[in-house]
Every structure is written in structure tokens, then in C-alpha cells.
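What follows is calculated from the coordinates using simple rules that are stated; it is not laboratory data. Owing to the predicted nature of the structure, the values given are computational and were not obtained by experimental measurement. As a convention, Cβ positions derive from the backbone with ideal geometry for all residues, glycine included, and neighbour counts pool all protein chains shown.
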Amino acid sequence: CFWSKIFKIQNFKWLISITLVFVLNIQTVWAAFISSIPNDPNFLDQSYLKQIHAPEAWASTKGNKRVVVAVVDSGVEFSHPDLQENIWTNPAETLDSIDNDGNGLVDDIHGWDFVENKSNPGPDFQAVKNDLGFHHGTIIAGIIGAVGNNGTAGVGVNWQVSIMPLRALNGVGDS
């Protein structure tokens with residue numbers, strides 16, 4: 001009958017439409033996944049990122065600078081090329097030897113060093129140290145938020161984040 005032929009044609013068109021939508025969605029998801037693989041040379045050595053399915057998550061988000069993560073450790077080398085772009089900056093503080101934000105910490109622009117009570121929260125390069133204790137804060141900060149897809153070293157879980165370095169441990173890992 002004429003109507004049954006029309007019905008079959010309509011169902012076939014509907015099936016083609018669904019198939020095209022499915023294929024286009026798969027291509028979009030695949031393209032998003034592929035675009036979330038960073039070009040950082042050490043990424044392939046960072047097996048923990050694959051274990052937590054970070055590349056799949058990066059297809060949805062790579063972090064946000066409005067998220068502030070405090071790293072309370074042995075200090076963070078905030079001039080590190082893979083971290084400097086993600087180091088928190090106190091918007092209420094100015095480098096002028098005045099406590100502009102009224103929190104009792106003078107010039108705490110990028111965090112605070114509670115070991116030596118000073119505004120530079122980086123590791124103390126002159127103090128007694130061991131490799132793990134000395135670099136630990138920087139390593140942790142890198143895992144949390146090394147800038148991704150910049151062709152430098154590795155990549156963090158969050159490509160964009162604000163890391164607030166707070167030094168509470170010395171170069172050997174003691175408080």
C-alpha cells in the first residue's frame with residue numbers, strides 16, 4: 001500500500017537522522033578528547049594522570065583560575081616555568097613594605113613563608129636541605145596545577161588553577 005511505503009521511507013529517514021547525530025556526537029567527543037592531550041614532553045611519563053582518567057576529564061574542563069588551592073609544604077618555586085602562570089596573586093596586596101590587606105602579613109603577594117616569617121614562600125636555597133624535602137612543595141604544586149599544553153615539562157591535574165604557596169616546612173621536611 002502507498003501509506004506503508006511512505007511509513008517505511010519516513011522510518012528510514014528517522015534512522016539515518018539518528019545515525020548521523022550519533023556519528024557527529026562521537027566525532028565531537030573524540031575531537032574533544034584528542035584536543036585534551038597535552039603537548040608537554042613529560043606527559044607520557046605521568047602515569048597517574050591516565051590512572052585517574054585525567055584526559056577524559058580535560059575534554060570537559062581543564063580547571064579554573066578562580067579556584068585557589070593552598071599548598072602547605074616546604075615552599076613552592078613560584079618562578080618555575082610550569083607553575084608561574086598558575087601562582088595565586090593576592091589582589092589586595094602591593095609590594096610596598098605595607099600590610100595593604102590588613103591580615104598581619106606584609107607584602108604577602110604570592111603566599112607566605114611561616115618558617116622564616118617572610119613574604120617569599122619559595123624554598124630556601126641557602127638552608128640545609130635534602131632533595132625530597134626541598135623540592136616537595138614544588139612537586140606537589142606541579143601535580144595540582146602545572147600549566148598544560150605549553151610544551152614545558154609535565155602537566156598538572158588542573159591546567160588552570162591558582163596555587164597559593166604557604167611554606168610551613170623547611171628544606172628537610174621539618175616544621
Going by average Cβ density within 10 Å per residue, which order do the peptides 137-149, 66-78, 100-112, 121-133 take, highest to lowest?
137-149, 66-78, 100-112, 121-133
First obtain the Kirkwood hydrodynamic radius of the stretch 48-87 from its Cα pairs, then insert it into the Stokes-Einstein equation at 25 °C and 0.890 mPa s, and state the resulting D in µm² per second as a whole number.
200 µm²/s
Which residue, chosen from VAL115, ASN100, TRP88, occupies the Cα position most advanced towards the positive end of the dipole of the stretch 54-134, where the dipole is computed from +1 (Lys, Arg) and -1 (Asp, Glu) charges on Cβ about the Cα centre?
TRP88
Within straight-line cross-link reach of LYS65, aspartates and glutamates at Cα separation under 12 Å, skipping those fewer than 8 residues along the same chain
GLU85
